[in-house]
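The values are calculated or read from the model by the stated rules, or taken from the named source; none is laboratory data. Note that the coordinates shown come from a computational prediction; the quantities given were computed from them, not determined experimentally. Glycine also receives a Cβ, built like all others from the backbone with ideal geometry; neighbour counts cover every protein chain displayed. SASA here: full protein model, heavy atoms, side chains in, ligands and nucleic acids out. Shrake-Rupley method; radii C 1.70, N 1.55, O 1.52, S 1.80 Å.
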Amino acid sequence: LLLHLLRWLLLGLLITALAEPVYQVELPPESQTKTVRDIVMVVETSVSMGLEDYQVSGISATRLDAIKSVLDQFILGMRGNRFSLILYAESAYTLMPLTSDNHTTRLMLKRLRPYLAGRTDEAIGEALGLALKQTERATETTQNRVVVLISDGMTRDSRIPISEAINYAQGLNVPIYTIGVGGEQASADQREFSGLLYQTLEASPLKTIAEQTGGRYYRIGGREDLQAVLAQIDQTEGVEVPVTSAKFQWRSLVNELLVLSFGVFMLYFGWMQWVAKRLQREGV
């Protein structure tokens with residue numbers, strides 16, 4: 001009788017496991033808000049961004065390579081935000097419109113090269129206009145809107161006056177954070193051989209843009225400074241939005257049923273062996 005019961009129990013457990021039953025598990029309470037932003041990054045790619053006056057992993061790197069390396073980690077660490085990439089030099093282009101696809105944004109970031117939009121930097125006004133236009137389209141969202149301009153200043157007058165971009169930003173209430181890269185003195189040039197004239201940082205226009213739009217100006221002397229600046233912007237800008245999170249989740253019982261089935265099988269097998277030995281002794 002016990003063997004029959006074990007046999008039917010084992011069969012029932014296996015059939016139940018095949019049905020893949022689940023049970024409900026309550027989750028611990030989580031924060032009901034998260035900080036989200038629309039961040040439009042405007043990056044200069046003129047010839048001066050090819051100057052090697054930065055270090056990445058102990059190796060000399062161009063200004064643009066250092067910027068790309070840090071922005072990559074910045075984007076990676078801020079999932080849930082929307083990013084856009086705009087580059088400029090002689091012309092201005094939207095390399096990536098606002099998107100929450102951080103993986104694609106990081107791939108597009110790798111495409112940044114000096115000369116990609118020309119050699120000189122007179123399109124800074126156009127680039128800021130493109131950036132602000134993207135934030136204007138996002139006014140119906142609850143996300144905070146921020147423009148981050150990374151540049152080594154201006155060597156030529158902007159085709160579109162900077163004052164127009166500032167007025168545009170003020171009307172939209174969008175702060176422009178400006179980040180100055182490069183040395184402020186020619187002595188910062190540590191190159192031994194180069195045919196490219198060293199261009200120092202021209203901070204004055206960047207300070208003006210930041211001050212008049214409610215942002216802040218930062219000057220970075222190295223890759224670590226850029227990381228710190230982006231961390232400050234991360235803490236300064238952002239808006240809390242409600243997050244709907246599940247209060248429970250479903251977990252499968254299959255593993256438990258299979259373990260129990262194995263235990264019943266071993267009991268059944270052991271009992272069969274005991275019965276066989278007993279019958280053998282009685283036969284003798």
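Which of the residues belonging to segment 260-281 are open to solvent by less than 80 Å² (accessible area, probe 1.4 Å) and not β-branched (Val, Ile, Thr)? Don't jump to the end; show me each part of the working.
Keep residues of segment 260-281 that are open to solvent by less than 80 Å² (accessible area, probe 1.4 Å), which gives 261, 263-264, 268, 270, 272, 275-276.
Hits for segment 260-281 are Ser261, Gly263, Tyr268, Gly270, Met272, Ala276.
Are there any strands (runs of 3 or more DSSP E) wholly within segment 53-125 with 1 or more residues that are open to solvent by less than 40 Å² (accessible area, probe 1.4 Å) and within 23 Å of Glu136 (Cβ to Cβ), and if so which?
Values: elements: 54-56, 59-61, 82-88, 92-99.
Those strands (runs of 3 or more DSSP E) span 82-88, 92-99.
Taking Tyr23, is it open to solvent by less than 70 Å² (accessible area, probe 1.4 Å), farther than 19 Å from Leu128 by Cα and aromatic (Phe, Trp, Tyr)?
So Tyr23 does not fit the description; no.
Residue under question is Thr45, and the condition is that it be open to solvent by less than 40 Å² (accessible area, probe 1.4 Å), more than 15 Å from the chain's Cα centre (by Cα) and modelled with pLDDT under 85; does it hold?
Criteria not met by Thr45.
Tally time: how many residues in segment 126-164 are modelled with pLDDT of 90 or more, more than 26 Å from Asp65 (Cβ to Cβ), under 27 Å from the mean Cα position of the chain (by Cα) and surrounded by 15 or more Cβ atoms within 10 Å (Cβ to Cβ)?
2
Under 8 Å between Cβ atoms, which residue pairs at least 6 apart in sequence (or on different chains) link something in segment 255-268 that is closer than 19 Å to Pro21 by Cβ with a partner that is not in a helix (DSSP H, G or I) and not polar (S, T, N, Q)?
Leu257/Pro21
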